[in-house]
Amino acid sequence: MTEDSQRNFRSVYYEKVGFRGVEEKKSLEILLKDDRLDIEKLCTFSQRFPLPSMYRALVWKVLLGIVPPHHESHAQVMMYRKQQYSDVLHALEVVRFISDATPQTEVCLYMHRLESGTLPRSPSFPLEPEDEVFLAIAKAMEEMVEDSVDCYWITRCFVNQLNSKYRDTLPQLPKAFEQYLNLEDGRLLSHLKACCAVSTLPYELWFKKCFAGCLPESSLQRIWDKVVSGSCKILVFVAVEILLTFKIKVMALNSAEKITKFLENIPQDSSDAIVSKAIDLWHKHCGTPVHSA
């Protein structure tokens, strides 16, 4: 039996006895043992499989460029990252921009604004739309990543990725959503159009905030695995699957306002199934993407 056939046999066996993902976890551990981590292979793995929670922060830090591919450099680079974090935090405390009472998500925002040279004169200044996006992502990330330094760096680099790598793609996602929803259920799309709801759907919540504040973190991190590793198009299929899952409810609503309000506050107990089906839908329409945006 060849190595590939042995692996396939083991995968089927593990899945049958309830240990789905055991082989994938072992494959990832092999990848993470390399002296120089292979970014291409880590991206491919993250696109095909959910990352085990124990390795997620490390893989995200590597893929987002927070630490380099070389293992031996990780400790030293993270020491520099922690020092930079402490210096920026101290600077904000000195100018009395933050205090012990400032929520951690706002601390992260002000650190990001200070480092990007866009810190307002006072914390009382109204938030910009991009600040609201940052806070939503930071709040979700806080639930996923225990270490505050890691949380800051991953949030900052995740948002930077949205604003740079996906800058031209994100505005196109509403149109793609309409296209794929039409392929999956044209009648449902026709109902949205009849209610004039297509233009009022919560696209900012779905695409700019990457579903932060819409789905629980346990489901969200499986979507963000794909975003971090190279595909923001997964967001489209999550939105499509939400509509398909709650089709009966949406079809019963007859105004854009009611439809949008419902979609902004969908029941949380269906989120895991929605994400699983969305990933299947993504693979159905896009194959098995590696770095497709």
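The values are calculated or read from the model by the stated rules, or taken from the named source; none is laboratory data. Predicted, not measured: the structure shown is a model, and the values here were computed from it. Counting neighbours? That spans all protein chains shown, and the Cβs are built from the backbone with ideal geometry, glycine included. Please note that ligands, DNA and RNA were not included when accessible areas were found on the heavy atoms of the full protein model with its side chains. Shrake-Rupley method; radii C 1.70, N 1.55, O 1.52, S 1.80 Å.
Using just the helices of the chain, give the 222 nm mean residue ellipticity in deg cm²/dmol: DSSP H runs with n ≥ 4 each add -39,500 (n - 2.57), and the total is spread over all residues, rounded to 500. Mind dumping the intermediate values first?
Details: 15 runs with 187 residues, N = 293.
The helix-only estimate for the chain comes to -20000 deg cm²/dmol at 222 nm.
Could you tell me the relative contact order of the chain? Use alpha-carbon pairs under 8 Å, at least six residues apart, and round to a whole percent. Each step should come with its number before you reach the end.
Working: 272 pairs, mean separation 58.9, N = 293.
Relative contact order comes out at 20 percent.
What ³J(HN,Hα) values, in whole Hz, does the Karplus curve 6.51 cos²θ - 1.76 cosθ + 1.60 give for the range 111-126 when θ = phi - 60°, with x put for Gly and Pro?
Going residue by residue, I get 5, 4, 5, 5, 5, 8, x, 10, 5, x, 5, 8, x, 7, 4, x Hz, with x marking Gly and Pro.
Calculate, in nm to one decimal, what TYR55 and ASP100 gain on full extension: separation in residues at 0.36 nm each, minus their alpha carbon distance.
Details: separation 45, 0.36 × 45 = 16.20 nm, distance 3.09 nm.
Taking TYR55 through ASP100 to full extension adds about 13.1 nm, to one decimal.
Evaluate the distance, in nm, between pseudo-label points positioned 7 Å from the Cα of ASP147 and of LYS175 along their respective Cα→Cβ axes.
4.2
Placing +1 at every Lys and Arg Cβ and -1 at every Asp and Glu Cβ, with all other atoms neutral, what dipole size does the chain have around its Cα centre, in debye to the nearest 20?
Working: 35 positive and 38 negative charges, 147 e Å.
It works out to roughly 700 debye.
I need the GluC sites (Glu not before Pro) found in the range 62-165, filtered to DSSP loop residues with at most 13 other beta carbons within 10 Å of theirs.
Qualifying residues, ordered by number: GLU146.
With a 1.4 Å probe and every protein chain left in place, work out the accessible area per residue of the chain in Å², rounded to a whole number. Let's see the in-between values first.
Working: 15170 Å² over 293 residues.
For the chain, the solvent-accessible area averages 52 Å² per residue.
Give the separation of the Cα centroids, the range 162-241 to the range 68-132, in Å.
Cα centroid to Cα centroid, the span is 29 Å.
Give me the percent of accessible area attributable to carbon and sulfur for the chain, probe 1.4 angstrom. Display every interim value, and only then the final one.
Details: 7750 of 15170 Å².
Roughly 51 percent of what the probe reaches on the chain is carbon or sulfur.
Quick check on my link table: of LYS165/LYS233; LYS226/LYS249; LYS33/LYS209, which ones sit more than 22 Å apart, alpha carbon to alpha carbon?
Details: LYS165/LYS233 13 Å; LYS226/LYS249 29 Å; LYS33/LYS209 33 Å.
Check vs 22 Å cut-off fails for LYS226/LYS249; LYS33/LYS209.
Note down the net charge around GLY230, summing +1 for each Lys or Arg and -1 for each Asp or Glu among other residues with Cβ under 12 Å from its Cβ. Each step should come with its number before you reach the end.
On the way: positive: ARG48, LYS165, LYS226, LYS233; negative: GLU40, ASP225.
Taking every other residue near GLY230 into account, the sum is +2.
Given the options LEU188, ASN265, PHE237, identify the residue whose Cα lies farthest towards the positive end of the charge dipole of the range 168-284 (+1 on Cβ of Lys, Arg; -1 on Cβ of Asp, Glu).
Sorting the options by dipole projection puts first LEU188.
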